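Input: a single structure, listed below in structure tokens.
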Amino acid sequence: IDKDPQTLYQRFAFVDSIIRSEHFLDSLYRINSMPVKRWETIQKHKDISNLRSINQSVMRQIINNSNRTPLQEGHSLHNKFCSLPNKVQVADKTETTDIPENRFIKYVIETFTQFCLSIYQHPEAGKRLKRDALASAELLEIYVSLPFLRDVSKLDMIPLNSPVLQRKEGYREVFQAYLMFDMAASLIWQGGDHVYKGGKRDVAVLYEYWLFFRLLDLLEEVFHIKPKSIDEIIVPKNGGME
């Protein structure tokens with residue numbers, strides 16, 4: 001993280017403006033109320049007396065499994081089996097929220113949390129900035145405890161091409177917030193004062209900046225325009241970039 005106080009404040013103000021916006025909060029609660037799920041098959045050990053149906057796999061286990069209980073002579077199955085296993089393994093289908101898209105949502109919240117904590121721990125951060133950064137980190141801890149994230153594991157790959165992240169309400173907005181953070185949180189550009197000066201936190205303007213860069217990329221790709229050197233667009237200044 002940059003040591004320049006103005007850079008620190010601009011970066012934090014950007015993240016703070018996202019996580020405290022009604023837009024971001026509404027998106028998380030929309031996901032929480034209707035998270036994307038998938039069916040998965042898991043293997044469970046069931047007491048043989050609780051089986052509802054018997055397939056070939058279960059029948060093989062009935063014949064071959066150890067840890068068996070002898071059947072009394074009067075039992076209806078005694079003429080076929082002298083003993084039965086206590087438990088057998090069966091396939092059971094269940095819904096889960098532990099899918100790449102939900103892992104990504106959790107990753108975004110945790111990324112914002114770590115960023116706020118790094119600002120809080122930064123030696124160049126002032127008292128007010130430290131206080132605000134810690135408050136934001138605590139708010140994010142509330143977000144990450146939402147029910148749909150409780151059983152979600154760590155992200156192993158960002159699903160950038162996921163239709164869910166690109167189109168589904170709630171997911172789309174969080175995805176856009178992450179892309180904006182990924183591009184803008186590490187930069188200071190001309191116009192930064194317009195966005196942040198005097199405590200102003202204009203997410204709409206930041207989103208316009210992000211759309212501009214995305215449009216520029218598309219134009220270069222479609223019309224085969226040779227992009228300008230990065231040195232012509234971004235200039236180092238006061239430890240940051242402009």
Expected sort for 109-117, 63-71 on mean C-beta neighbours within 10 Å, highest first, is 109-117, 63-71
Counting only residues 5 or more apart in sequence or on a different chain, those whose built amide H sits under 5 Å from that of Ser83 are Leu71
Kindly state, to the nearest 0.05, the FRET efficiency for Cys82 paired with Ser153, given R0 = 51 Å and r defined as their beta-carbon distance.
0.70
Once phi is turned into θ = phi - 60°, what whole-Hz ³J(HN,Hα) does the Karplus curve with 6.51, -1.76 and 1.60 give for every residue of region 16-27, x standing for Gly and Pro?
5, 5, 6, 6, 9, 7, 4, 4, 5, 5, 4, 5
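Values in this text are rule-based calculations from the coordinates and carry no lab data. A quick note: this is a predicted structure, and the numbers were derived from the prediction, not measured. Cβ atoms come from the backbone with ideal geometry, glycine included; neighbour counts cover every protein chain shown.
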